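A.B. asks: This is the structure I have questions about; it appears just below.
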Amino acid sequence: MIEIVIQYVIIIISIIVYGLKRSKFKKYIYMKYFVIVYSSTWAWTAKMLNLWTYPARIINMPIISVAFNFFLIPVLALLWLAYSPKGLKAKAIKALKWTTPIIVLEFLMERYTNLISYRSRYNIFYSYIIWYISWFIWSGYYYWLDLQAKSEDAYIQKVVIKPAACTIKSNSKGKIKVGIISSLLGFGGGYIFRGLHSRDKI
């Protein structure tokens, strides 16, 4: 019973933090989808390799924990993206400070509750490594997406907003060389990409 209560408390706290920090999370909001897939992939890997399980779940899903994979971990990732420093050294130190208390809580949950259960081949040290590298994976994926978005915005600005930049030339055989098809394809891809994520920026 206590495990169910703890999971509902985790969900409620996660929702409250998300609501209070929504303006701060706005530019990172689409990352929650990646983090959900990321953490669920780890849960699936743990299930397949018999590393850990979630014995007590509020929803009977065989692999993941709704409280952890859909609420707590995504909110922690958004907090990290919003407040982590830019420098690699500072980020590494910050990651240590964030990982240590999380691992302490995970150890207590594994030892005294049924929220998570380690198998014989798994050790808390592995969780420390997974959490530690996850901060950098989330940061790296966000920076990559942000770079792609900026590149697409610049491309659209050049080819679509300022069509004069798109020139048509003829070659020696009279055939026309034109980037219109590739431009339309690029614009279509960029439009779809931006459309998928613009919902979360409202």
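The values are calculated or read from the model by the stated rules, or taken from the named source; none is laboratory data. Here the structure is a predicted model, which is why all the values come from computation and not from measurement. FYI the Cβ positions are ideal-geometry reconstructions off the backbone, even for glycines, and counts take in every protein chain you see. Accessible surface areas use protein heavy atoms only, side chains included; no ligands, DNA or RNA. Shrake-Rupley method; radii C 1.70, N 1.55, O 1.52, S 1.80 Å.
A.B. asks: Residues of the stretch 9-48 being farther than 26 Å from residue 144 by Cβ and either hydroxyl-bearing (Ser, Thr, Tyr) or in contact with a Lys or Arg (Cβ under 8 Å, 6 or more places away or on another chain) (or both), which ones?
C.D. replies: Result: no residue meets the conditions.
A.B. asks: Taking interchain pairs and intrachain pairs at least six residues apart, which have beta carbon atoms under 7 angstrom, with the first residue in the stretch 135-148 and under 16 Å from residue 37 (Cα atoms) and small (Gly, Ala, Ser) and the second open to solvent by less than 40 Å² (accessible area, probe 1.4 Å) and not in a helix (DSSP H, G or I)?
C.D. replies: As it stands, the answer is 139/84, since those pairs meet every condition given.
A.B. asks: For the stretch 31-52, which residues satisfy the criterion of being assigned to a helix (DSSP H, G or I) and over 22 Å from residue 140 (Cα atoms)?
C.D. replies: Residues satisfying the conditions are 44, 46, 47, 48, 49.
A.B. asks: Is it true that residue 55 is touching a strand residue (DSSP E or B) at 6+ places or on another chain (Cβ under 7 Å) and part of a loop (DSSP other than H, G, I, E, B)?
C.D. replies: yes
A.B. asks: Check the stretch 82-95 and report whether any residue there is part of a helix (DSSP H, G or I) and within 18 Å of residue 15 (Cβ to Cβ).
C.D. replies: Checked the stretch 82-95: at least one residue is part of a helix (DSSP H, G or I) and within 18 Å of residue 15 (Cβ to Cβ).
A.B. asks: Same structure, new question: Looking at 101, 55, can you tell me which residue is surrounded by fewer than 19 Cβ atoms within 10 Å (Cβ to Cβ) and in contact (Cβ under 8 Å) with a residue 12 or more places away in the chain?
C.D. replies: Just a single option satisfies the conditions, and that option is 55.
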